[in-house]
Amino acid sequence: MGIIRQPAVLFAVPDFRNLGVILRIFFSVSILVLLTPLLRSDFQRYYFENVLSSSSWIAPFVIITVTSLVLCNRWLMANRYGVFLTWGVSLLSFMFCAKIFEFPRQYWLVDMLLVSIYMWGLMHYQGLLEKSLSPALSEAKLAALTARIRPHFLFNSLNAAIALVRSRPTDAEMVLENLADLFRAQLKDANQSSTLGREIELAQGYLDIETIRMGAERLKSKWTVDAPEHAEVPHLLLQPLLENAVYHGIETSHRPGEIVVNIRMQKDWIYIRIDNPIPENPIPHKRKGNQMAMGNLAERLHLMYDADAVLKTGKQGNLFRVDIRLPYRKALPRYKPHE
């Protein structure tokens, strides 16, 4: 249907800080080292000698190159010409290692060609990965926008604001401001990343609206935040999860309930935990968005953090719990190709 166009990305700079990317590089290079001697005519006689000879210079070259790319990661990902600069850094690393470890000069051009092919192949794989998973970003935007404009939420929020205009004008103004803020957040261009502070602000604004609409006695929330606000997190991380908590844990219950959000930083990781009550005799409802939201978030976490992020959900007694672990990274600008 083509509601939102996806950028045609052929090559993209991987996040070299990511453990999954680093392991992928070392694993693929190891496979190449083991397979390359098989192409030679004398591989049956000198296979292990060829493997050892290749490993003696490829291993330090890969270590130095990966280290260089990790150190330059912020600059490479924020630069418009990051893919060319990544290729350039790898060639400079090769020249440095060739001089230090005395690579055979007669093979320099061939080896540089192989390094170039490998790096462009790695960046092409990253481009394909981002292209294949990028619909999850658009789906998150559209799903959140649909939730925001559904009559149940929109009309009740507006009615709540109208009812408060005379008796509690400050609360009415707060409802309208937070509602407008949520609309602005959903209507802007979808980004892969945001900041923890901004996501907390949006999520708390959403809960403030629902608290006014449903009543402070029925919906309560408790926040514990001990993590830097400038930490990089996916866009629309918290608000859809809290919407699920409200809809499935509070609205479908005959009793009041409390949503507990705990965000903390430990070492180089950010831990997010969201608890909401499980109704004993839930009120029947038609919308089943819980698994959809979780699946969408899992895809976006995989796109942004690869193997570094962890998402777990499950029941803990009479609570439904969402646990998320993210690597701590300071938010940085990242070049985005034009659509």
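We did not get these values from a lab; they are worked out from the coordinates using the rules stated. Just so it is clear, the structure is predicted and the values come from calculations on it, not from any experiment. A quick note on method: Cβ atoms are made from the backbone with ideal geometry, for glycine too, and the neighbour counts reach across all protein chains shown.
Observations on the structure shown:
- ³J(HN,Hα), Karplus 6.51/-1.76/1.60, whole Hz, each residue of the stretch 167-179, x for Gly, Pro: 7, 9, x, 5, 5, 4, 5, 4, 4, 5, 5, 5, 5
- Residues whose placed amide H lies under 5 Å from that of T195, excluding near-sequence neighbours: V233
- Scoring 93-103, 298-308 by mean Cβ neighbours within 10 Å over their residues and listing the highest first yields 298-308, 93-103.
- Alpha-carbon centroids, the stretch 16-36 and the stretch 94-115: separation in whole Å: 19
- When V62, V233 are sorted by how many other C-beta atoms sit within 10 angstrom of their C-beta, beginning with the fewest, the order is V62, V233.
- Spacing of the two label points (7 Å from each Cα toward its C-beta) at R74 and L92, in nm: 1.7
- Burial ranking of peptide ranges 202-209, 113-120 (average Cβ count within 10 Å, highest at the top): 202-209, 113-120
- Under 5 Å, built H, 5+ apart or other chain: amide partners of I270: L326, Y328
- Phi-based couplings in Hz for the stretch 67-72 (Karplus 6.51, -1.76, 1.60; Gly and Pro marked x): 4, 4, 5, 5, 5, 8
- Packing-based order for 322-331, 222-231, using average beta carbon neighbours within 10 Å, highest first: 322-331, 222-231
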